[in-house]
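Here, each number is a calculation from the coordinates, and none is a lab measurement. Treat the numbers as computed from the prediction; the structure is a model and nothing was measured. Glycine also receives a Cβ, built like all others from the backbone with ideal geometry; neighbour counts cover every protein chain displayed.
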Amino acid sequence: MQSIAELFNAMTSGDRQALAKAITLVESKLAEDHISRLRLLDLCHATPKESTRIAVTGAPGAGKSSLIEKLGLEMTGSSEAVAVLTIDPTSERTGGSILGDKTRMTDLSRQENAFIRPSPTSGVLGGVAEMTRETILLCESAGYTRIIVETVGVGQSETAVSHLVDVVLFVTIAGAGDSLQGIKRGILETADLVAVNKCDGSGEAASKLFASELSQALLLLRGQNACPAVVKTSALSGLGVSELLTHMDTLVHDRRANGQFNSNRAEQRVKWFDDATAFLLEQHISSDNTLVQLRKELADRIQGDQANPYAAANELVSRILRD
């Protein structure tokens with residue numbers, strides 16, 4: 001069998017099949033894969049990486065997949081390596097998922113410096129999959145500098161994705177039930193950018209009017225300094241795609257400059273630690289003072305980027321099992 005070191009080396013050398021195998025490993029629920037997963041994530045954590053994580057969220061039918069493909073092609077055209085992680089809902093009856101987003105991004109999937117991976121939610125709420133964080137880490141270690149996460153598409157309960165990414169892009173369209181009074185505050189309070197998509201053909205006039213109304217509503221909701229830009233886009237014609245990328249790059253640049261980028265990443269690592277602990281052990285630990293203190297010490301190390309959150313969670317669980 002291929003060793004974890006061999007798998008890691010192949011993955012970081014540009015082998016997309018090895019990356020796919022690595023993701024399958026971290027998504028595995030088999031107990032015997034735990035040590036291998038832990039070893040792989042430790043190797044990834046020790047690998048220097050530089051990336052931008054982008055979430056694309058919105059209601060079904062807004063054209064998220066088509067817009068992502070245009071964004072991805074624009075990025076790969078600039079010689080950037082792009083990984084697209086698409087999240088599909090899991091059936092409560094059968095436990096299965098369609099996982100068909102890759103077939104809707106045929107042009108992007110042909111690019112050598114693009115990787116598309118669909119994953120099921122497996123019942124996880126918040127628009128993301130159970131191991132989305134770990135999959136992001138794998139893709140970054142494999143050399144992908146732009147990680148795009150397409151959420152499950154409910155458009156209202158997806159605020160959890162803001163704990164995984166650097167930029168949240170909310171995609172909406174005019175006349176699809178997202179009237180100003182119908183849009184939920186949660187997603188608009190976390191969105192960094194808004195795209196009013198399908199601004200073409202017979203819907204162009206309505207889209208422009210909706211974009212204007214939405215801009216005013218966001219100004220009232222968020223205030224001048226925190227109001228996200230509203231960009232009119234068309235995945236069909238490519239309208240607004242370059243503008244969206246410019247806004248994203250400006251946001252990331254400004255947040256790096258003022259320290260917000262690193263601060264957000266640090267908070268996300270601690271959130272990852274908390275969720276990984278819950279994933280590994282479903283029980284309350286707050287009643288044990290020794291464990292509470294250990295958790296605080298581990299969280300401080302994670303805050304300073306001195307420990308892999310998954311490995312720290314494993315240390316905490318191992319201590320509980322020894323006691």
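In table form, for the structure just shown:
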quantity	calculated
Residues with amide H under 5 Å from that of VAL84, placed H, sequence gap 5 or more	PHE115, ILE116, ARG117, ILE148
Long-range HN-HN contacts of THR233 with modeled amide H, under 5 Å	VAL196, ASN197, LYS198, CYS199
Protection-proxy order for peptides 166-173, 201-208, 304-311, each taking the mean of Cβ atoms within 10 Å per residue, highest first	166-173, 304-311, 201-208
Region 247-319: GluC sites (Glu not before Pro) in DSSP loop, at most 13 other beta carbons within 10 Å	GLU282
Entries in LYS49/LYS296; LYS29/LYS296; LYS64/LYS208; LYS208/LYS271; LYS21/LYS198 that, when Cα-Cα distance is taken, lie over 30 Å	LYS208/LYS271; LYS21/LYS198
Region 28-39 - phi-based ³J(HN,Hα) in whole Hz, Karplus 6.51/-1.76/1.60, Gly and Pro as x	5, 9, 6, 4, 6, 8, 4, 5, 5, 4, 4, 4
